[in-house]
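Comments concern the structure below.
Where a number appears in this text, it was derived from the coordinates with a stated rule and is not lab data. These numbers come from a predicted model, not from an experiment. Glycine gets a Cβ as well: all are built from the backbone with ideal geometry, and neighbour counts include every protein chain shown.
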Amino acid sequence: MAIALNSNSMTNKIALTEDHITRFSEDGFVVVENWLDAKTVELARERFKPLFSGQFELGIQPDEWNWREGRDSPELTRQICNAWKSDRIIRSIVLMENLGRICAVLKGWPGARLNQDNVIWKPAGASALGFHQDDSYQSWLTPPEMLTCWMTLDDTLAEQGTIEYVRGSHLWSTSQPIKQFHAPDDPLAELESVTGRNRNDLDIVPIVVNAGSAVFHHGRTWHGSKANTGALPRRSVVSHCMSSDARFSTTSTSSIYSRYKKTGTDEMDESFFPIIYRQDGYRSPELD
Ligand SMILES: O=C(O)CCC(=O)C(=O)O
């Protein structure tokens, strides 16, 4: 049976306002409400159980599968990277053309490619994710930078381990990757030691929004999430984009993603890093 992989089936026509653009350039993140409709939110929530128990609809295992039913502690936050290769609903959300368009506009890129997606499931009681900058992990790319669309499938509350941003931290330089991303005792400790800043001097903003909202964040904006001390789960789907012109670095590698580098060229193959949107109207053909 042929499986339709159309990523345009879920889309929206939301355009950024001047206020969105100002918020992004001053704060390093901007909230866009009503990004996903209620039906899409519902369909995406239904994919979490099969994905984390290894039922991959498209027959392909994601690149990273960091929590497995029956193997890992229920207290850990569950994460999968590149579920778009495994699942049609996730694919249609993270490869939405308008998402790529907004990333390109905010970052001044000629277009946007998918770098990787994340599916994040933080049940009640689950642990924190350490505060970090996404660009710290991009030395395998030229240019070594990302812009991210984080989408929530649940109404969020501060005590529910929602994502939190350090306002204005996109204006700081890119630091080394943190040592403990999953389940640190204190999710802000490494931010303090790496940057030499004290948390009491920072404007840390927990994102409290309705299900279906998105936040676009700069690759240098420090962010993370605390333990879920609420009663309900917090589930998110994340699309990490890079420039449509991005290439592999010739001096640095990623232990997972440089597997997709072809010999003798630094070009990125659209089969693994699809072009979601380009100003000239191009989009990787297999997406439509
Ligand atoms: O959802 C979270 O807790 C963290 C997500 C994250 O690190 C990201 O979107 O870059």
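Long-range amide H contacts for VAL32: which residues qualify at under 5 Å (H placed 1.01 Å from N, peptide plane, sequence gap of 5 or more or a different chain)?
Those lying under 5 Å, H to H, from VAL32 are ALA214, VAL215, PHE216.
Take the Cβ-Cβ distance between SER175 and GLU46 as r, set R0 to 51 Å, and report the resulting FRET efficiency rounded to the nearest 0.05.
0.85
Any idea what the relative contact order of the chain is, in percent, if you count C-alpha pairs under 8 Å spaced at least 6 apart?
In percent, rounded to a whole number, it is 28.
Please list, in chain and number order, the residues 5+ apart from ASP155 or on another chain whose amide H is under 5 Å from its amide H, with Hs placed from the backbone.
Under 5 Å from the amide H of ASP155: ALA211.
With a ≥ b ≥ c the root eigenvalues of the C-alpha gyration tensor of region 139-252, is it rounded (a/c under 1.5), prolate (a/b larger than b/c) or oblate?
Oblate is the answer for region 139-252, as a/c is 1.5 or above yet b/c matches or exceeds a/b.
Which distance in Å, rounded to a whole number, links the C-alpha centroids of region 17-42 and region 50-123?
19
In whole Hz and in residue order, list the ³J(HN,Hα) couplings for region 42-54 that follow from phi through the Karplus curve 6.51 cos²θ - 1.76 cosθ + 1.60, θ = phi - 60°; x for Gly and Pro.
5, 4, 5, 4, 5, 7, 5, 4, x, 4, 6, 9, x
Suppose R0 equals 25 Å. What FRET efficiency, 1/(1 + (r/R0)^6) with r the Cβ-Cβ distance, do THR11 and GLU64 give to the nearest 0.05?
According to the calculation, E is roughly 0.40.
In terms of modelled amide H atoms, which long-range or inter-chain residues lie less than 5 Å from the amide H of SER244?
Here GLY111, ALA112, ARG113 satisfy the definition.
Between region 131-207 and region 215-245, what's the alpha-carbon centroid distance in Å?
9
I need the shape label for the chain. Rule: rounded when a/c is under 1.5, else prolate if a/b > b/c, else oblate, with a, b, c from the alpha carbon gyration tensor.
Judged from the Cα gyration tensor, the chain comes out rounded (a/c under 1.5).
Most mobile of THR251, THR77, THR22 per a Gaussian network model of the chain (Cα springs, under 10 Å)?
Highest fluctuation of the listed residues: THR251.
With Cβ to Cβ distances under 13 Å as the rule, what net charge do the other residues near VAL209 carry (K, R +1; D, E -1)?
-3
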